[in-house]
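The values are calculated or read from the model by the stated rules, or taken from the named source; none is laboratory data. All figures in this text were calculated on a predicted structure; none of them were measured in a lab. Don't worry about glycine lacking a Cβ; one is built from the backbone with ideal geometry, like all the others, and counts go over all protein chains shown. Heads up: the accessible areas ignore ligands, DNA and RNA and are worked out on the full protein's heavy atoms, side chains in. Shrake-Rupley method; radii C 1.70, N 1.55, O 1.52, S 1.80 Å.
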Amino acid sequence: MSCIGANRTTSSRAHRVLELFAGVGGFRVGLEAAKRQLPPGASSGYKVVWANQWEPGATKQNAARVYEARWGDAPVNRNLFDVLGDAEEMARVHAVAPTMLVAGFPCQDYSVAKPASQSAGIEGKKGVLWWAIHALLQARIDAGQPLEVLLLENVDRLLASPVACPGRDSAVILGSLQALGYAAAWQVVNAADYGYPQRRRRAVSHAASRSWS
């Protein structure tokens, strides 16, 4: 895992990370691995200070339970849109003074698990959750503390979504980041290129706030 702007942290400060759609903590695994690879005297890396995991319609929130058992921290187990509308919970988000956001937002509306003709993309029930990320970024800007660095991932078919207008959804996402003041770039990463025994391609976007200096 790599992140634009990671070399700009100082020796006295770790990035304070919001982990959205956390699952069982995959991003956290990557951040911990990246931290171990930092050279002596470099920045102190990354510290997850708030996490959210919610599986809509599920009676048992198993991923959230595994996350807590693995990491010792219970993620906020609520729909992210509900969190955004809760002043007390948002006050807690602001209080932890995050500087970085990571998110593997739900892929079902982009995934090859569905026929292309049935993939609703960013307008689908889960695809629309992109706008929850967008709203959280806006909330931090409105609080006068824009998140400095973003790292986002999804299936690579996002780049060709929706079937009726290939590329529209990724253009909407990148355009909305630009409108919020982020310089964003993306690349396709294949797990097989990093020694893993499967062809698992993901679109990864990394972005830095233009106001970060």
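Condition check ((1) open to solvent by 80 Å² or more (accessible area, probe 1.4 Å); (2) among the polar types (S, T, N, Q); (3) without any contact (Cβ under 8 Å) to a residue 60 or more places away in the chain; (4) on the phi > 0 side of the Ramachandran plot) across all residues:
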residue	(1), (2), (3), (4)
Val163	yes, no, yes, no
Leu174	no, no, yes, no
Tyr194	yes, no, yes, no
Ser205	no, yes, yes, no
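Could you go through segment 204-211 and let me know if any residue there is under 21 Å from Trp130 (Cβ atoms) and more than 18 Å from the chain's Cα centre (by Cα).
yes
Here are Asp109, Asp86, Asp82: which of them is at pLDDT below 85 and over 13 Å from the mean Cα position of the chain (by Cα)?
From the options Asp109, Asp86, Asp82, the qualifying one is Asp109.
Give me the residue from segment 129-148 that is in contact (Cβ under 8 Å) with a residue 60 or more places away in the chain and open to solvent by 10 Å² or more (accessible area, probe 1.4 Å) and, out of that set, farthest from the chain's Cα centre (by Cα).
Here the residue is Pro146.
Give segment 49-85 a look and list any residue that's assigned to a helix (DSSP H, G or I), among the aromatic types (Phe, Trp, Tyr) and open to solvent by 70 Å² or more (accessible area, probe 1.4 Å), or say none.
Phe81
Please tell me if Leu151 is in a strand (DSSP E or B), touching a residue at least 60 places away in the same chain (Cβ under 8 Å) and open to solvent by less than 30 Å² (accessible area, probe 1.4 Å).
The answer is yes for Leu151.
Using the structure shown, decide if Arg16 is surrounded by fewer than 16 Cβ atoms within 10 Å (Cβ to Cβ) and not in a loop (DSSP other than H, G, I, E, B).
no
For the condition at pLDDT 90 or above and under 23 Å from Leu137 (Cβ atoms), what is the one hit in Arg70, Arg8, Arg13, Arg28?
Going through Arg70, Arg8, Arg13, Arg28 in turn, the sole match is Arg28.
With the structure loaded, tell me whether Glu88 is open to solvent by 70 Å² or more (accessible area, probe 1.4 Å), in a helix (DSSP H, G or I) and of a type in the set (Asp, Glu) or whether it fails that test.
yes
Of all residues in segment 174-193, count the ones that are in a helix (DSSP H, G or I) and within 18 Å of Val155 (Cβ to Cβ).
Of the residues in that region, 4 qualify.
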